[in-house]
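A.B. asks: Sharing a structure, written as structure tokens. Questions coming.
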Amino acid sequence: MRRTILKYPDAVLARKSLEIGDITDELRQLAKDMAETMYTNEGIGLAAPQVGECCRLVVIDITGPDKREDLRVLVNPKITAAEGKVVSEEGCLSVSGYRSDVARSEKVTVEATDLDGKPLSIEADGLLAVCLQHELDHLDGVLFIDRISRLKRSLYDKKVKKLQRERAKSLKEAEAAQGEGA
């Protein structure tokens, strides 16, 4: 089942997620739903908070959305080692219509468990390393726009506020038109 992706500035996106205790059928279904949602929205990663679930679960497939050959489901992931620096352009399914350069570690090691409760370790560089860091940030309530310059962030926030005002105005106009027709 596809889930709705929350959009910035939804407050859920700023919350720190809780550790997952038991791996349940509900958690497995959430992971399946998240993968479907990620692929449908042409993403390569999705964290549980982005679909309104404040638990430490991410799905990643950097071969997606077209090939879908390397789905990784990570329960309670943690970065245990990081080295180097790289700057690359990022976007986010929860941050509509905006991309920006973000500085990240060039290589990371991530420890997690899979949906069978087995420990796993991923040593990553390149796109996978960037994607892992991006998705794990979501688990701590951090968006990539929290990692850009204050000026760029301010410009994006103004754009979001303008869109929200325009939507609110359109809704009021539609409601007024319905009221006149009733």
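A.B. asks: What is the distance in Å between the Cα centres of region 69-130 and region 136-182?
C.D. replies: 27
A.B. asks: Rg and Dmax of the chain, Cα atoms, in Å?
C.D. replies: 18.1, 64
A.B. asks: Order T80, T4, most accessible first, counting only protein heavy atoms with a 1.4 angstrom probe.
C.D. replies: The most accessible residue leads, giving T4, T80.
A.B. asks: Next question. Identify which of E166, E83, E135 has the largest mean-square fluctuation in a Gaussian network model of the chain, with springs joining Cα atoms closer than 10 Å.
C.D. replies: Checking each option, the largest mean-square fluctuation is seen for E166.
A.B. asks: Next question. When a/c is below 1.5 the answer is rounded, else prolate if a/b is larger than b/c, else oblate, so apply that to region 1-84 with a ≥ b ≥ c taken from the square roots of the Cα gyration tensor eigenvalues.
C.D. replies: In terms of gyration-tensor shape, rounded.
A.B. asks: From the phi of every residue in region 58-64, what ³J(HN,Hα) in whole Hz does the Karplus formula 6.51 cos²θ - 1.76 cosθ + 1.60 yield, where θ is phi - 60° and glycine or proline is x?
C.D. replies: These are the phi-based 3J(HN,Hα) values: 9, 10, 9, 8, 6, 7, x Hz.
A.B. asks: Here's another thing I want to ask about it. Give the long-range amide H neighbours of C92: residues separated by 5 or more places, or on another chain, with amide H under 5 Å away, using H modelled in the peptide plane at 1.01 Å from N.
C.D. replies: Amide H neighbours of C92, under 5 Å, 5+ apart: Y98.
A.B. asks: Counting alpha carbon pairs within less than 8 Å and at least 6 residues apart, what relative contact order, in whole percent, applies to the chain? If you can, show how the numbers build up before the last one.
C.D. replies: Values: 313 pairs, mean separation 37.8, N = 182.
So the answer I get is 21 percent.
A.B. asks: Also, I was wondering about something else. Counting only residues 5 or more places away or on other chains, whose amide H sits under 5 Å from the amide H of L18 once H atoms are built in the peptide plane?
C.D. replies: Long-range HN contacts for L18: C55, R56.
A.B. asks: Please check: in the Gaussian network model of the chain (C-alpha springs, under 10 Å), which one of Q29, Q50, Q133 has the largest mean-square fluctuation.
C.D. replies: Q29
A.B. asks: Then there's this: Let's see if you can work this out: charge +1 on each Lys and Arg Cβ, -1 on each Asp and Glu Cβ, no other charges. What is the dipole magnitude of region 1-88 about its Cα centre, in debye to the nearest 20? Mind dumping the intermediate values first?
C.D. replies: Working: 13 positive and 14 negative charges, 53 e Å.
Here region 1-88 has a charge dipole of around 260 debye.
A.B. asks: Considering only DSSP beta bridges where both residues belong to region 1-146, give the percentage that are antiparallel (nearest 5).
C.D. replies: Within region 1-146, antiparallel bridges account for around 95 percent of the total.
A.B. asks: How about K107: which aspartates and glutamates have a C-alpha closer than 14 Å to its C-alpha, ignoring those fewer than 8 places off in the same chain?
C.D. replies: E83, E123, D125
A.B. asks: Here is a further query. Give the accessible area for K67 in Å² (nearest 10); use a 1.4 Å probe, count only protein heavy atoms, and leave out ligands, DNA and RNA.
C.D. replies: Probe radius 1.4 Å; accessible area of K67 about 130 Å².
A.B. asks: Moving on. Please compute the Kirkwood hydrodynamic radius of region 107-182 from all pairs of different C-alpha atoms, in Å with one decimal.
C.D. replies: 16.5
A.B. asks: Can you tell me the alpha carbon radius of gyration of region 39-114 divided by the globular rule-of-thumb value 2.2 N^0.38 Å?
C.D. replies: That ratio works out to 1.16.
The values are calculated or read from the model by the stated rules, or taken from the named source; none is laboratory data. The structure presented is a predicted model; accordingly, all values stated were derived computationally and were not measured. All Cβ positions, glycine included, derive from the backbone under ideal geometry; neighbour counts span all protein chains shown. Each accessible area value is taken on the protein alone, full model and side chains, heavy atoms only, with ligands, DNA and RNA left out. Shrake-Rupley method; radii C 1.70, N 1.55, O 1.52, S 1.80 Å.
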